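Asker: To start, I am sharing the structure in question, which I have written as structure tokens.
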Amino acid sequence: MALREVILLGNPILRKKARKVTNFNNPKLQQLLDDMVETMLDEPGVGLAAPQVAVSQRVIVVRLPDDEESKREYGDDAGVLYQVVNPEIIRESRDMVDGIEACLSIPGYFGNVKRHQSVTVRGYDRDGKKIRIKANGWLARVFQHEIDHLDGVLFIDRATEIWQMVNEDKAEAAGLYNLYNTEHDMEFEPGK
């Protein structure tokens, strides 16, 4: 396993639609999954899509924290590692919820994004076996965020408000505060 560099906003790979994986026996796929898990945990993040490590393939990894507070809040979802190849959302709730999102490829920025409260994701595990995941709450949000990456969509494209963390200590002491919203002149690429 090895850490991979997380590419940042402005790299064209982040805006491309990723290719489907067709060969599950390829050792490069297994290495990619291992490296993505290690990179996600090192950053630390709760999800990572292959395009974020400059690989244009439909591969994601997801893992909610497993500390005591997370276990109380997320129950059985806390700490579970998901490695999903060719994921697709096949069912989504009508209920939509606002939530704060960030992205390892856009460090220092947060946004308010409306997402489906629950989703069902279909895909394959690392060995090519079909899997289906029913996700609710934050886990559903993470899956939607990571699958968006596979289609070249970033959270800033969906955000109704965007915040920049100017001073980590101040932001932590005061809570996140709105410095910008999507109507202001931003240094982001325009949405699709």
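Asker: Rg and Dmax in Å for segment 12-181, alpha carbons only: what are they?
Answerer: Looking at segment 12-181, its Cα Rg and Dmax stand at 16.0, 50 Å.
Asker: Which residue fluctuates most in the GNM of the chain (Cα springs below 10 Å): ARG19, ARG115, ARG141?
Answerer: ARG19
Asker: I've got another one for you. Pick out which of ARG15, ARG94, ARG58 has the largest mean-square fluctuation in a Gaussian network model of the chain, springs linking Cα atoms closer than 10 Å.
Answerer: Checking each option, the largest mean-square fluctuation is seen for ARG94.
Asker: Report, to the nearest 10°, how far helix 137-150 tilts away from the longest principal axis of the Cα atoms in the chain, using its own Cα long axis and a range of 0 to 90°.
Answerer: The helix 137-150 is inclined about 70 degrees to the chain.
Asker: Nothing charged except the Cβ atoms of Lys and Arg (+1) and of Asp and Glu (-1): what's the magnitude of the dipole of the chain about its Cα centre? Round to the nearest 20 debye. Kindly include the intermediate steps, with their values, before the conclusion.
Answerer: Details: 25 positive and 32 negative charges, 267 e Å.
Here the chain has a charge dipole of around 1280 debye.
Asker: Using only DSSP helix segments of four residues or longer, with each worth -39500 (n - 2.57), what per-residue ellipticity at 222 nm results for the chain after dividing by its residue count and rounding to 500?
Answerer: -7000 deg cm²/dmol
Asker: What residues have an amide H closer than 5 Å to that of CYS103, excluding those fewer than 5 places away on the same chain, when H is modeled at 1.01 Å from N in the peptide plane?
Answerer: TYR109
Asker: Read phi for every residue in segment 35-45 and hand back ³J(HN,Hα) as whole Hz from Karplus 6.51 cos²θ - 1.76 cosθ + 1.60, θ = phi - 60°, with x for Gly and Pro.
Answerer: 5, 5, 4, 4, 5, 4, 5, 6, 4, x, x
Asker: Under the Karplus relation 6.51 cos²θ - 1.76 cosθ + 1.60, θ = phi - 60°, what is the ordered set of whole-Hz ³J(HN,Hα) values for segment 79-89, x standing for Gly and Pro?
Answerer: Running phi through 6.51 cos²θ - 1.76 cosθ + 1.60 with θ = phi - 60° gives x, 6, 8, 10, 10, 10, 9, 6, x, 8, 8 Hz.
Asker: Take a quick pass over the chain and tell me how many lysine pairs come in under 20 angstrom between Cα atoms, counting only ones 8 or more apart or on separate chains.
Answerer: Pairs that pass both the separation and distance tests number 11.
Asker: Amide H of ILE131 versus every other amide H placed in the peptide plane: which residues, excluding those fewer than 5 positions away on the same chain, fall under 5 Å?
Answerer: Under 5 Å from the amide H of ILE131: GLY123, TYR124, ASP125.
Asker: Turning to a different aspect of this structure: Could you give each residue of segment 60-68 its phi-based ³J(HN,Hα) in whole Hz, using Karplus coefficients 6.51, -1.76, 1.60 with θ = phi - 60°, and x for Gly or Pro?
Answerer: For segment 60-68, the Karplus curve yields 9, 10, 9, 7, 6, x, 10, 6, 4 Hz.
Read-outs: derived from the displayed coordinates by stated rules, not from any lab. All of these numbers come straight from a predicted model, not from anything done at the bench. Virtual Cβ from ideal backbone geometry, glycine too; neighbours counted across all protein chains shown.
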